[in-house]
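Q: To start, I am sharing the structure in question, which I have written as structure tokens.
The values are calculated or read from the model by the stated rules, or taken from the named source; none is laboratory data. Since the structure is predicted, the reported quantities are computational estimates derived from the model, not experimental observations. Backbone-built Cβ (ideal geometry, glycine too); neighbour counts: all protein chains shown. Each accessible area value is taken on the protein alone, full model and side chains, heavy atoms only, with ligands, DNA and RNA left out. Shrake-Rupley method; radii C 1.70, N 1.55, O 1.52, S 1.80 Å.
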Amino acid sequence: MANHRFSSVSEEEKPCCGISRKAQICLCVLFVLLIVVGIAVSVGILMWRQPPKHKEWKGPGTTAHFYEILLGRCYTYTQVVRPELRHTDCQKIGKAFTSAFLSKDPCGSTEQDYRPLMELTTQTVPCDKTLFWSKSSELAHDYTWVQRDMYTLEDTLLGYMADGLKWCGDSGSSEMNYQSCPHWREDCSNNSVSVFWNTVSKRFAEDACGVVHVVLNGSISNTFDEKSTFGRVEVFNLHPEKVHTLKAWVMHNIESVPSDSCSSSSLNNLKQILKTKNIIFVCQNNYRPVRLLQCVKNPEHSSCR
Amino acid sequence: MAALGLASSLPLLLLVIAGAGGAGGARWRGEGTTRHLQSIILGRCAEHVALLHPEQGEKNCTAIWEAFKVVLDKDPCSVFPSDYDLFINLSRHSIPTDKSLFWENNHLLVTSYAENARRFVPVCSVLYGRMGDFLSWCRQENASGLDYQSCPTSEDCENNPVDSFWKRASMQYSRDSSGVIYVMLNGSEPTGAYPVKGFFADFEIPYFQKDKITRIEIWVMHEIGRPKVESCGEGSVKILEERLKEMGFQYSCINDHLPVKLLKCVDHSTHPDCALKSAAASIQREVPPLWSEYGGSLITPFLVALASAIQM
């Protein structure tokens, strides 16, 4: 190549290494092309080797050992808790559950995604035994643990299986995302977990009959919250031809000053909504059996002696 | 005549045969192996480790299951507590001090009161106890493979898989307990609140670690509305108290420990034994559905009568 610098003497092209200028250009182009292709192939291999990264969300990821826990709970429920359901096919149910969210956009979840799962699990609660709850999870579940003939959603098969778990997939992968999952408020509300609970809550309400009950928290300002799952989904989906009465047990913290939440505007709102559905509303402050449960934690309190 | 006699005694004969073999011709007196045992045990292990107690560190649930399942290959009357040694060693973890709750004859009450290890940690909230809780398992008597019809109880043979499991679990639970020890007994149990031969007597008390225990508190609970067979200082409870005294433990005994009694009252809220002084006050403040239900039916005819009297 040093020759080139001193070759300006003649106009004519001086051939290098015995090949023409045209051939040199072709070789250069070919050389460059080879380098580009080589880089592209290497990058391609590296990318293929590395698992496609999941999207990053603001909420906690899928619960560790999600599938084992899910399946184990299905079997515990159908063999031990409610043995009348012992012929349930938990393998099928597990597969239907994961198919609802794997390889899908976790912010684009729909009720349809859970349809196959819903069709496999048709458990109805006896009339007068449905117990809803809102901002009173611990108390409601402690109650049904003792009063075993009443059911919260989490005492039915699907609720029992999914309670407390988190899950999501990714449209670019067939794996569960254990790193993060969409946060309801900060990412999207149509996420796999929220849509699941909306779907099962809707059916739980649709299947209810007779007198239904709800444990509400009288120690917060929004005792009946229209935006809660109870307000938005459950009350909304009660069937007036099946449900004739809703009884609310409004519980106050033991330490707080007694008040009549039943006459509050929040509960009056609930009463009006039920009126338009022709459902009778009965309200009770501090229903005794549930009050006794609160007393277990505070036995020395004056209202517990 | 003879044919008739045979025909009439045949059902009786069948009953006798059925009775001899147990319910429906089963070999043993106890419930058969729980179906899908492996999935249930692995699921419970995963749930405990990943969800409920991540602070206890990683446990290898697969290895724990492998250690458990060796008993499923053994003769159902030749399974000893020591057969569970590896299983226990892989799954044991520390128990918070002052949180141990021992019991006899009130499984469900203990589970409710313990509130899934938030209030107390009974043996069924410890990893190894959680895995076996409410389950049953055994190999067939003369073949490999699990027996789903029935499994032996202590009346069939002493060294059966389930009893040996709970003996071994009880021993470990006892050894790992510290601080104040709580014991819940059933004072309405006709055979006595403290079974002199039982898991607590034979596999827990002997394994108490004297140097780690501060004192022992006994609660003798009675069923609401049922006779009080025994109370503190009486019958078998007295035997227990004396045994603990002899062993050098500081102990106390309480009849119907209030928080537990309140829990029992949840499904007996109208029973006089569950009446709270504040109950009278709260009834006056309640929205009066009672009045509209019962009072209304009395008041209306009265008002009608009064009205007609006034008119006349």
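Q: Return the total of residues in region A:99-128 being open to solvent by less than 10 Å² (accessible area, probe 1.4 Å) and either of a type in the set (Phe, Trp, Tyr) or assigned to a helix (DSSP H, G or I) (or both).
A: Summing the residues that are open to solvent by less than 10 Å² (accessible area, probe 1.4 Å) and either of a type in the set (Phe, Trp, Tyr) or assigned to a helix (DSSP H, G or I) (or both) in region A:99-128 gives 3.
Q: Using the structure shown, decide if A:LYS22 is basic (Lys, Arg), at pLDDT 75 or above, open to solvent by 100 Å² or more (accessible area, probe 1.4 Å) and not in a loop (DSSP other than H, G, I, E, B).
A: Yes; evaluated as a whole, the condition is true for this residue.
Q: Taking A:ALA248 and the conditions (1) open to solvent by 20 Å² or more (accessible area, probe 1.4 Å); (2) modelled with pLDDT of 95 or more; (3) within 12 Å of another protein chain (Cβ to nearest Cβ); (4) not in a helix (DSSP H, G or I), which numbered condition does it fall short on, given that it satisfies the others?
A: (1)
Q: OK, next. How about region B:94-142: which of its residues are at pLDDT below 95, over 14 Å from the mean Cα position of the chain (by Cα) and aliphatic (A, V, I, L, M)?
A: B:ALA117
Q: Got a number for residues in region B:145-171 being without any contact (Cβ under 8 Å) to a residue 24 or more places away in the chain and not charged (D, E, K, R)?
A: The qualifying residues number 2.
Q: Restricting the search to region A:266-294, which residues are more than 27 Å from B:LEU276 (Cβ to Cβ), assigned to a helix (DSSP H, G or I) and of a type in the set (Val, Ile, Thr)?
A: Across region A:266-294, the qualifying residues are A:ILE273, A:THR276.
Q: Read through the list (1) touching a His at 6+ places or on another chain (Cβ under 9 Å); (2) part of a helix (DSSP H, G or I); (3) within 12 Å of chain B (Cβ to nearest Cβ), then give the number of the only condition that A:ALA205 fails.
A: Every listed condition holds for A:ALA205 apart from (3).
Q: Okay, next question. Look at B:LEU51 and say whether it is within 11 Å of chain A (Cβ to nearest Cβ), touching a Ser or Thr at 6+ places or on another chain (Cβ under 7 Å) and not hydroxyl-bearing (Ser, Thr, Tyr).
A: Spelling it out, B:LEU51 is indeed within 11 Å of chain A (Cβ to nearest Cβ), touching a Ser or Thr at 6+ places or on another chain (Cβ under 7 Å) and not hydroxyl-bearing (Ser, Thr, Tyr).
Q: Could you check region B:248-267 and list, in sequence order, the residues that are open to solvent by 40 Å² or more (accessible area, probe 1.4 Å) and either in contact with a Ser or Thr (Cβ under 6 Å, 6 or more places away or on another chain) or at positive phi (or both)?
A: Within region B:248-267, B:GLY248, B:ASN255 meet the criteria.
Q: Are any residues in region A:131-190 in a strand (DSSP E or B) and more than 14 Å from chain B (Cβ to nearest Cβ), and if so, which ones?
A: Across region A:131-190, the qualifying residues are A:PHE132, A:TRP133, A:SER134, A:TYR151, A:ASP170, A:SER173, A:SER180, A:CYS181.
Q: Restricting to region B:175-197, give me the number of residues that are under 17 Å from the mean Cα position of the chain (by Cα) and open to solvent by less than 20 Å² (accessible area, probe 1.4 Å).
A: Selection size over region B:175-197: 9.
Q: Sticking with this structure for a sec: For region B:222-247, which positions are open to solvent by less than 80 Å² (accessible area, probe 1.4 Å) and either part of a helix (DSSP H, G or I) or touching a Lys or Arg at 6+ places or on another chain (Cβ under 7 Å) (or both)?
A: The answer is B:HIS222, B:ILE224, B:GLY235, B:SER236, B:VAL237, B:LEU240, B:GLU241, B:ARG243, B:LEU244.
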